[in-house]
1. Condition test on T90, is it in contact (Cβ under 8 Å) with a residue 12 or more places away in the chain, of a type in the set (S, T, Y) and part of a strand (DSSP E or B)?
2. For the subset of the stretch 58-101 comprising residues that are among the charged types (D, E, K, R) and more than 20 Å from K137 (Cα to Cα), which member is surrounded by the fewest Cβ atoms within 10 Å (Cβ to Cβ)?
3. For the stretch 104-124, does any single residue satisfy the condition of being among the polar types (S, T, N, Q), at pLDDT 95 or above and out of contact with any Pro (no Cβ under 7 Å at 6 or more places or on another chain)?
4. If you scan the stretch 102-135, which residues turn out to be in contact with a Gly (Cβ under 9 Å, 6 or more places away or on another chain), buried (at least 20 other Cβ atoms within 10 Å of the Cβ) and small (G, A, S)?
5. Hey, does the stretch 28-38 have a residue that's in contact with a helix residue (DSSP H, G or I) (Cβ under 9 Å, 6 or more places away or on another chain), modelled with pLDDT under 85, within 29 Å of K137 (Cα to Cα) and surrounded by 10 or more Cβ atoms within 10 Å (Cβ to Cβ)?
6. Inside the stretch 51-67, can you point out the residues that are under 14 Å from the mean Cα position of the chain (by Cα) and in a loop (DSSP other than H, G, I, E, B)?
7. Of the numbered conditions (1) modelled with pLDDT of 95 or more; (2) on the phi > 0 side of the Ramachandran plot, G70 fails exactly one; give the number of that condition.
8. Condition first: of a type in the set (A, V, I, L, M, F, W, C), part of a loop (DSSP other than H, G, I, E, B) and closer than 18 Å to F79 by Cβ. Now tell me which residues in the stretch 113-137 satisfy that.
Amino acid sequence: MRASKVARLLWPAVLTLALGACAGGNYRAVSDTPVRIGPAYSIRGTTYVPTAAPIYDEVGHASWYGSESGNRTANGEPFRPGWITAAHATLPLPTYVEVTALGSGRRIIVRVNDRGPFARGLLIDLSRGAAEQLGIKAQGHAAVRVRRFEPSEKDRERLRKGKPAASLERVSERELQKLRARMAPAVR
């Protein structure tokens, strides 16, 4: 094989390694393994206990964040505001969840790779990209349902590359009424 052909074939690998070195080795690649539950931790006097939670299904409020571009997530990955990711205080990292906006019935699949939110009354912090896809970015926060979800490998791969998973149908008005009723006791 000629040297010029070898150079062309090796160039992408060399470029990837060089860019990885620019990150200073502080970031881990976007991956679904290992899944980390982690020890209990305290933030501003509140203790959070991460747990496996194989059947997680909660209603509450979501907010979004996006100015921390380039920071490292609790999962060790770089935070990318446009990706469809989220922060949750206790779910394993990473975990996939279905997030439903209780105002519109819109649903999306999100990859949880960070810890938070730590503000009282918030269930999940969505990245800017996830908030845009869910249609709540302009609101700043919204009532949501968050439940653990096992997406297809194709959707997992898309989310690991920063792309949205396949679209999900909206929740029916009847189901939304049930979910809003679950929310009502938390609002009082």
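1. no
2. Kept after step one, since they are among the charged types (D, E, K, R), are these residues of the stretch 58-101: 58, 68, 72, 77, 80, 98.
Remaining after also requiring more than 20 Å from K137 (Cα to Cα): 58, 72, 77.
Values: E58: 17, R72: 15, E77: 21.
Within the stretch 58-101, the match that is surrounded by the fewest Cβ atoms within 10 Å (Cβ to Cβ) is R72.
3. First, pick out the residues of the stretch 104-124 that are among the polar types (S, T, N, Q): 104, 113.
Now narrow it down to the ones that are at pLDDT 95 or above: 104, 113.
Filter again for out of contact with any Pro (no Cβ under 7 Å at 6 or more places or on another chain), leaving 104.
Yes, the stretch 104-124 has at least one match.
4. Scanning the stretch 102-135 gives S127, G129, A131.
5. Step one: filter the stretch 28-38 for residues in contact with a helix residue (DSSP H, G or I) (Cβ under 9 Å, 6 or more places away or on another chain), giving 29-32.
Now restrict to residues that are modelled with pLDDT under 85: 29.
Right, trim to within 29 Å of K137 (Cα to Cα) and you get 29.
With surrounded by 10 or more Cβ atoms within 10 Å (Cβ to Cβ) added as a condition, the list becomes none.
Looking for residues that are in contact with a helix residue (DSSP H, G or I) (Cβ under 9 Å, 6 or more places away or on another chain), modelled with pLDDT under 85, within 29 Å of K137 (Cα to Cα) and surrounded by 10 or more Cβ atoms within 10 Å (Cβ to Cβ), one finds none in the stretch 28-38, hence no.
6. Quick first cut of the stretch 51-67, residues under 14 Å from the mean Cα position of the chain (by Cα) only: 62-66.
Answer for the stretch 51-67, where residues must be under 14 Å from the mean Cα position of the chain (by Cα) and in a loop (DSSP other than H, G, I, E, B): just G66.
7. That leaves (1) as the condition not met.
8. To start, the set of residues in the stretch 113-137 that are of a type in the set (A, V, I, L, M, F, W, C) comprises 118-119, 122-124, 126, 130-131, 134, 136.
Subset that is part of a loop (DSSP other than H, G, I, E, B): 118-119, 136.
Within the stretch 113-137, F118, A119 qualify.
The values are calculated or read from the model by the stated rules, or taken from the named source; none is laboratory data. What you see is a predicted model; the values in this text were computed from it and never measured. Reconstructed Cβ throughout: ideal geometry from the backbone, glycine too, with neighbour counts over all protein chains shown.
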